[in-house]
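Below is one structure; the comments refer to it alone.
What follows is calculated from the coordinates using simple rules that are stated; it is not laboratory data. Keep in mind the model is a prediction, meaning the values are calculated, not measured. For neighbour counting, all protein chains shown are included, and Cβ atoms are generated from backbone atoms with ideal geometry for every residue, glycine included.
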Amino acid sequence: MSEPTYTEKDWDDVRTAFASSIMVDTQVSSLAQNLDGPVWPVKSKDETPAKYIDLSYEEALELLALKGQTADKLDLLISILKETLAFDSPFGDMVEQTEAASVRDNPLLKNMARIGVTEEFPISLTALNADTVEFCKLENLKTLGEFAVFAQGMSQNVIIGGDFRKLLNALSNVDEVTLSEILPFRRGSKGLHLIEALGQATRLTNPLPKAKEASVWFAEEFAQLKKDFSDGTGIERQLGVLGNVELERKVSDLARQLIKPGSFSRSESEPGKSGFFKRFFKK
């Protein structure tokens with residue numbers, strides 16, 4: 001086995017610096033993947049820097065041994081944390097990069113590109129809670145790309161929580177379940193979609209303004225929705241991706257209001273599945 005590259009002091013320096021990093025709860029395997037370097041061998045969900053940074057050098061070696069890993073894996077861990085800090089925040093003389101290089105190497109932007117989430121997608125069309133949306137407004141963050149660049153440039157001493165951290169961790173780990181809660185993201189697929197955006201809009205007391213904004217952003221998908229509506233083929237095949245009958249009905253109502261402004265909703269029609277909805281819910 002080769003001699004360790006890093007010393008006990010290197011470990012103490014990097015674990016102290018990483019203690020307040022915004023990436024402290026991100027899986028080590030995801031951090032390694034973002035760096036396009038050697039893979040981290042332990043893949044469990046709770047395998048994060050937080051599991052190691054409170055340990056001494058010897059304790060970290062012992063924990064790795066308990067997981068069936070050799071001592072050289074601590075070298076790898078130190079390397080991953082050091083390189084991640086170069087993205088996360090300045091760390092001594094490890095980081096000397098221009099703003100352009102910082103954006104280019106942003107791991108969040110890389111993950112967004114990997115799953116087909118455009119940097120230009122507006123924060124206003126996400127399902128982030130009101131407090132987080134207001135924070136983004138105050139920081140003049142209008143798009144997901146601006147969110148990612150801002151998150152990378154935050155001081156490691158800033159404590160964040162709520163939906164801001166939820167989205168940050170979801171993008172860091174490419175957590176499709178959480179992404180689908182915050183963005184109109186379709187699990188098992190790539191990109192963002194109108195149907196999911198309408199589904200998230202139905203959570204609002206007045207969903208129509210957000211639905212209209214979504215129809216403009218997803219203009220091509222909305223055009224197809226209108227075509228399916230007008231030629232009588234129905235839109236049930238598009239709604240099926242939601243996997244929830246009640247949500248499908250709500251989105252159907254909302255879609256009709258978008259396509260035929262001023263038309264009555266299902267709740268205003270006679271009870272049962274009549275008219276427009278008879279085409280969706282035939283017995």
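Here, the stretch 124-253 yields an orientationally averaged convex hull projection of 8.6 nm² when only Cα atoms define the hull. The mean of 1/r over all distinct Cα pairs in the stretch 8-96, once inverted, gives the Kirkwood hydrodynamic radius of 13.0 Å.
Dimensions of the stretch 102-182 from C-alpha coordinates, computed as largest minus smallest value along each principal axis and given longest first, are 28, 27, 20 Å. Each label was represented as a point 7 Å from its Cα along the Cα-to-Cβ direction; for N206 and N140 these points are 2.9 nm apart. Spin-label model, N244 to D12: label points 7 Å out along the Cα-to-beta-carbon direction sit 5.2 nm apart.
So if R0 is 35 Å, what FRET efficiency would K67 and N129 give, r being the distance between their Cβ atoms, rounded to the nearest 0.05?
Working: r = 37 Å, r/R0 = 1.05.
It comes to 0.45.
A cut-off under 13 angstrom between Cβ atoms defines the neighbours of D46, and their net charge, with Lys, Arg +1 and Asp, Glu -1, is +2.
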